[in-house]
Structures are given as structure tokens and as C-alpha cells.
Amino acid sequence: MIFNTYKYIRCLPLSIAVVMTIFISSRGFAQEESEKNPSYVIINYVQSDMQKKLVVSLTARVKGERGRKKIEGAEIEFYTVSNSSDVLLGKALTNEDGIAIFELKEDQQVESNEDGEMEFFANYNGSSEFEEATKSMTVKPIDLVISYTEIDSVKNIVVSAFQKNSGGEEIPVEEDVIFYVPRQFSMLKIGETELQEGKGMIEFPISLPGDSIGNLKILARIEESKEYGTVETITVKDWGQPRPPVIIEKRRGLGDTDAPLWMVYTLIVLLSAV
């Protein structure tokens, strides 16, 4: 009994040393982790007439700096959940604005659950400076359609939106829809409506300029919905004000074959004088 006690006492310092080593190592690892800046991921599903894509915004809160920093050149992994398992769709790098865009290809079939929902998530593995971050979202695919009508000589833009359940039945969507006219460097907002039983309408502003025959593009968009993501559709209508074609007057220049008239007349006078 005395021998066992003596043996235990001799081993005690070694045990304490091992525990202290583990404790110090864990504290060092935790301190190293805490020194990293926390990062944040925002994911959005964008559905348009021509394509479907996932858009991620990656930012971080850097110690000693105000606001959030946009992380450039970070690799983002895009996943979908199929049969309770994660399926990697692809990867993309963030640009100078911290935005990474992954376009879903036609051959990439994303399965929906029994409620008609698709589940996606984006993952950032972090770096020596920033912590890792993950964000998921669940969306329902919908159809957004623009049509046009005239009531008592008043031109109106009509939009309808619906989703289909597992049985193929159309279910009306109730969301806010914003209308834009794309310009060269911006989007001109021309109206907004709240869908009632899947339909909404705004009056068309007749003063909008179009091209030479009055054509202009009209875009309807549901922006960053929690259920549907961002959904948009665009059409062309000849309701704009026609703009006359721009006639560019040809002017004579010093480098042209046809010299300016004042130079021709001056040369004639000088030669005549000589």
C-alpha cells in the first residue's frame, strides 16, 4: 500500500506537466483562432429569363477598422442539398467587391423537396486572417410573366407570378414587384406593385423615351425574397417616345482629303498673288 502511494506521488508531477502542456496548447490554439477576423457570408438565388445563378457577398469585420471589409480573391464553394446529402455544384472567386457569382448550368439538376423547395448553401473555408463562414438558403422556383393592356386609352403593365406544387397546380405568389427601364449605366425605376392573388398592375409612364421607333425594355423584379430569392423577367414594348435618329454632320478636318474651305480659298489667293 505504501509502495503504491509512493509510486502515485512520483507520477503526480508528470501528470500535472502533461495537463499543463495540454492546457497551454489549447489556450494558444484558442488565442490563435480568436485573432482571426470574423467573416460573414450572404447568399442570394437569382432567377431570370435566361439563367439561374447563386450570388454570394463575403465581408469581414477587421479589428481596428470601421464597418466591414470586402474580401477579394476568396474561394467560395457552392452546394445543394439532395437526399439529405451535400452536393458540390462548383466554386468561384470573389471580385474586388467581395462578390462571387456561380451560374447554374442546364445539366445541373437541382432537386426539390416535397414542398417544392430547393436548398443551397455557400461555404468559405477561411484563411490565416479571416474565420470560416457558411450560409444556407431555401428557395422556391416561380414563374414571373409581364403582359400589357390598355384601359380607356391608359396604358398599363401587368405582371403575374405563380409557383407550381408537386401536383403541377399553380399557386399565386404574393410579393412586391418593382419595374425598371434599363439605361446605359443605371436602372430607372418606373413603378412598384404588390401582388394580389398572384397579379399586379401599374400605369405606364408615357413620357419615357425609346429608340427610333419607340421600343424600350421593361424589367419586372422581385428583389431578395426570403421564399423565392431574386426573380426577374424582361420584355420589349413599343410604348416609348420615338427619338429621331442622330445625324452626324461631316466636318472637314486638316487631316482629311477634303481640306477646309478657308484653307482652299487662302491657297488660291496666295497662288494668284504669286
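The values are calculated or read from the model by the stated rules, or taken from the named source; none is laboratory data. All values derive from a computational prediction rather than experimental measurement. These accessible areas exclude ligands, DNA and RNA; they are computed on the full protein's heavy atoms, side chains included. Shrake-Rupley method; radii C 1.70, N 1.55, O 1.52, S 1.80 Å.
In straight-distance terms, cross-link reach from Lys140 covers every one of the lysines whose alpha-carbon lies under 17 Å from its own, apart from those fewer than eight places away in the same chain; here that gives Lys52, Lys53, Lys164, Lys226.
Prolate is the label for the stretch 50-119. Its Cα gyration tensor axes, ordered a ≥ b ≥ c, give a/c of at least 1.5 and a/b above b/c.
Taking a ≥ b ≥ c as the square roots of the eigenvalues of the Cα gyration tensor, the stretch 96-235 is classed as oblate, since a/c reaches at least 1.5 and a/b does not exceed b/c. In order along the stretch 43-55, the phi-based Karplus estimate (6.51 cos²θ - 1.76 cosθ + 1.60, θ = phi - 60°) of 3J(HN,Hα) comes to 10, 9, 9, 10, 10, 10, 5, 9, 8, 10, 8, 10, 10 Hz; Gly and Pro are listed as x. Across the stretch 202-215, rounded Karplus estimates of 3J(HN,Hα) from the backbone phi angles (6.51 cos²θ - 1.76 cosθ + 1.60, θ = phi - 60°) give 10, 7, 7, x, 6, 8, 6, x, x, 8, 5, 10, x, 6 Hz, Gly and Pro being marked x.
Residues in the stretch 97-159 average 58 Å² of solvent-accessible surface per residue, probe 1.4 Å, ligands and nucleic acids excluded.
Val81 sits with roughly 40 Å² accessible to a 1.4 Å probe, with DNA, RNA and ligands left out of the calculation. Per residue, the Cα convex hull of the stretch 114-189 amounts to 171 Å³. For the pair the stretch 120-143 / the stretch 38-67, the C-alpha centres are spaced 8 Å from each other.
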